[in-house]
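The values are calculated or read from the model by the stated rules, or taken from the named source; none is laboratory data. Quick caveat, the model's predicted, so the values are computed rather than measured. Here Cβ is always computed from backbone atoms with ideal geometry, including for glycine, and neighbour counts include all displayed protein chains.
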Amino acid sequence: MQPDKKLKIALGALVIVIGIGTLGYSLIEGWDILDSLYMSVITISTVGFKEAYPLSLTGKVFTLFFIIFGVGTTLYAVGAGAQFMLEGQLRSILGRRKMSKKIQELKDHYIICGYGKVGQQIYNEFSSRQVLCTVVEKDPQTVEKAIKDGVLVVQGDSTEDSVLEEAGIKRAKGLISAVASEADNVFISLSARELNPDIFIVARAETAEADKKLLRAGANRAVSPHTLGGTRIAMAALRPHLVDFMKVAISAEGKDIRIEELEVKEGSSVSNLTLKECELRQKVGVIVLGIHKKEGQMLFTPFPDSKIEPGDILIAFGKREDLERLEKLTSS
């Protein structure tokens, strides 16, 4: 029997025994409910207090049987409670050790700092795309919720280097700082950049001033959820069909079609060729919407004679399986 179920049964039996004792003393001795309850509790707990009133012969016989069943039930309840707490602690300890081991094995993963509303949405998006990630959260209740959600979580303050190291910052590919405090986001960006100079950092910004500070602190991108939310609401009113299209194309809802960015590797099948020579639309079935050149320039709706060079980022639109084929071409 599971410890929690066993404990519920034991507590239920204990309540029933106390109820029987209270009713028995009330009927046999004629005592009021409070005195009868008092006598029942001190009898089964074996504290040795004096009876509320002298017992009659019938009351003494009743007490003898009540002690036998009551004390046994009490001991069973105490044992069930101890087992529940002990096994619960053991499961918690073993579970955290297992989780810590899994986090230590992660490589090229993402670290999400903060598991509030924004952090949960980020995690859900990553999870839907099967992106390896772990969460850092300091609030114990939120940590418990994350564990129930099946999240690999590290409990601690994201601003502390030791906590980021426990989350695998030196092996991580990216970090998203999504805590509510602007000061903490700046500090996290500074710490993460120092611990891993090559990591890609996206930080939550609440104001335009915070945006600048985060970029100076080492963040690659600073994003304001309020600005994005406001823009999306306005566009939903002005361009509802465009918003629906983009929602499907860039989110996890885009199971059939989506927009992706793919880096062109040195020596790949499409490197040092023009779009016309690659014939990606005809052979692969994708449309290249833009090319982010390695020098930093973005080419929107590039011409057929636009050259694809190693280090460029292709912004491509198409079916999921076609994009996967393109990914193989850009990497080999």
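For the reader, a short list of remarks on this structure follows.
- Filter result (among the small types (Gly, Ala, Ser) and surrounded by 15 or more Cβ atoms within 10 Å (Cβ to Cβ)) within the range 128-147: Ala146
- Criterion (surrounded by 19 or more Cβ atoms within 10 Å (Cβ to Cβ), modelled with pLDDT under 90 and under 31 Å from the mean Cα position of the chain (by Cα)) met by exactly one of Arg320, Arg258: Arg258
- Residue in the range 147-163 that is over 21 Å from Gln120 (Cβ atoms) and among the basic types (Lys, Arg) present: no
- Check on Glu194, in a helix (DSSP H, G or I), under 21 Å from Arg221 (Cβ atoms) and of a type in the set (D, E, K, R): yes
- Residues that are more than 30 Å from Asp184 (Cβ to Cβ), part of a helix (DSSP H, G or I) and of a type in the set (A, V, I, L, M) occur at least once in the range 44-51.
- Among the residues of the range 303-328, those identified as over 25 Å from Asn220 (Cα atoms) and either in contact with a helix residue (DSSP H, G or I) (Cβ under 8 Å, 6 or more places away or on another chain) or basic (Lys, Arg) (or both) are Phe303, Pro304, Asp305, Ser306, Lys307, Gly318, Lys319, Arg320, Arg325, Leu326, Lys328.
- When the range 197-239 is limited to residues that are hydroxyl-bearing (Ser, Thr, Tyr) and part of a helix (DSSP H, G or I), the one that is surrounded by the fewest Cβ atoms within 10 Å (Cβ to Cβ) turns out to be Thr231.
- Every pair of residues 6+ apart whose Cβ atoms lie under 9 Å, when the first sits in the range 7-24 and is modelled with pLDDT under 90 while the second is not in a helix (DSSP H, G or I): Ile9/Met1
- All positions within the range 104-125 that are part of a helix (DSSP H, G or I) and crowded, with 18+ Cβ neighbours inside 10 Å: Gly119, Gln120, Ile122, Tyr123
- Filter result for Gly285 (in contact with a helix residue (DSSP H, G or I) (Cβ under 8 Å, 6 or more places away or on another chain) and within 22 Å of Lys173 (Cα to Cα)): no
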